[in-house]
Amino acid sequence: MKIPTIPSRYLVLADQVVFSGGSFVLSLSLARLLDTHHFGVYSALVLIGYLLLSVTNALVIQPFQVSVAGFEKSPSYPFFSLFIQILLVVLLCSLYLAFTATGWLTGFLPATFAPGIVLWLAAFLMQDFFRKAFLALSKPGLSLLSDVLAVLSQIVVLGYLWLNPGFSFSALMNLLALAYVPSVILGLADFQYSEMFSGNWKSFWNAHRSQGGWLLLTAVVQWWTNNLFTVASGVFIGVEALGAFRLVQSLFGILNMVFQTFENHLLPEASRLFKLSVEESKDFLKASFRQNGWPLVAVLVALFIFSQEVMVLAGGAKFGSYHMIIKGMTVLYGCILIGYPVRLAIRMMLLNQTFFIGYVLAFGFSLLSFRFLLEHFQLWGALAGLLINQLIMLIYWNKQLVSHQFNVWK
């Protein structure tokens, strides 16, 4: 009897659900297990992890995803990428240690050498590399298995912490680092090591260097645009506020996944129609927004009305006073939803420079305004800054679309 093969697209979808669902459960569980201060510190470390992840993705995994097909006759290329990834992880973790040792952000980040934090950062970066590399190598089953192992290990850690509530923060980070070990071992064991040093490493390096510079610049600007107000809230308001922001961002991560699913589904079809007819692609984007937007609007309205109940349910009574963050985020996501056809049109028309400049403009506003907004308006200032950022990008992107005779809002 022949065992049916699961289509790759379902494995990829399942992998995304496992990854996003695991992150959601971990964040909400730690919000309840930790006090507001230590959850804020953990949230700061997560943000740093994602910043370092944007660097490794830009310099290693994104060029790998694009170039692996071109180097398919060079079996040593996957090992080259793994080698560069390991070197970069060692460098980034060393920079983290050097930065925290200065004591600039004592109370915001641990200023002493914490092996668990460094191991967690390294394991986090390596596990993400393997899961994405397996997808690029057309091995979605291994990517899914990697994420399943990580999530199951995290669940075991959470169970242990619930049964032993007197744990220290260093013990938490040690355990979270260990939770990634099975996935990293799987990645090392099943990676491709054929003829490790036989290929043209100079060509590999040139490919990563030529692609990585622009990707790194874009990734860093996007990270700071999205997170400057969140990070600054921890500095100017308190690390507890940063934790509350991260908790709400975890809640809205489900909507992010919905938006990403829409983008992955709608963008190829919109691009196909654009090649045939500009008007048909425009009508498709408008119709898709009308069809898919109203259920999301209903969700946002419900979150706005019941913000306090949702905040307490997610993080416990200690986070109840931060429920205004949910109200602000519902307005922000409403703006993102309204402007999503604009974002899709920019990507469909391959206006990559326009896309980047929009983020640069928003980042420039953030740099000029974050101190004033946070010092005078506290959390409301942070939320206002995030909303204005989004409006700046959407207005600029739409202006560029109009200049190309493509107005999705008309």
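Quick notes on this structure:
- Spans of helices (runs of 4 or more DSSP H) in region 282-356 with at least 1 residues within 16 Å of GLN260 (Cβ to Cβ) and under 24 Å from the mean Cα position of the chain (by Cα): 324-338, 340-348
- Any hit, region 245-258, residues being of a type in the set (Val, Ile, Thr) and buried (at least 17 other Cβ atoms within 10 Å of the Cβ): yes
- Residue ID - nearest to GLY116 (Cα to Cα), chosen from residues in region 21-73 that are among the aromatic types (Phe, Trp, Tyr) and buried (at least 21 other Cβ atoms within 10 Å of the Cβ): TYR42
- Residues satisfying the stated conditions in region 262-284, i.e. of a type outside the set (Lys, Arg) and free of Cβ contacts under 8 Å to residues at least 24 places away in the same chain: ASN264, HIS265, PRO268, GLU269, LEU273, LEU276, SER277, GLU279, GLU280, ASP283, PHE284
- Some residue of region 276-288 being assigned by TED's automatic domain parsing to the domain that holds ALA241 and in contact with a Gly (Cβ under 8 Å, 6 or more places away or on another chain): no
- Taking region 205-253 as the range and being part of a helix (DSSP H, G or I) and of a type in the set (Val, Ile, Thr) as the test, the residues that pass are THR218, VAL220, VAL221, THR225, THR230, VAL231, VAL235, VAL239, VAL248.
- Of everything listed in (1) modelled with pLDDT of 90 or more; (2) touching a Pro at 6+ places or on another chain (Cβ under 6 Å); (3) not small (Gly, Ala, Ser), the single unmet condition for LEU161 is (2).
- Residues considered: PHE167, PHE134. Of these, the only one that is assigned to a loop (DSSP other than H, G, I, E, B), of a type outside the set (Val, Ile, Thr) and surrounded by 13 or more Cβ atoms within 10 Å (Cβ to Cβ) is PHE167.
The values are calculated or read from the model by the stated rules, or taken from the named source; none is laboratory data. Source: prediction; values computed, not measured. Glycine gets a Cβ as well: all are built from the backbone with ideal geometry, and neighbour counts include every protein chain shown.
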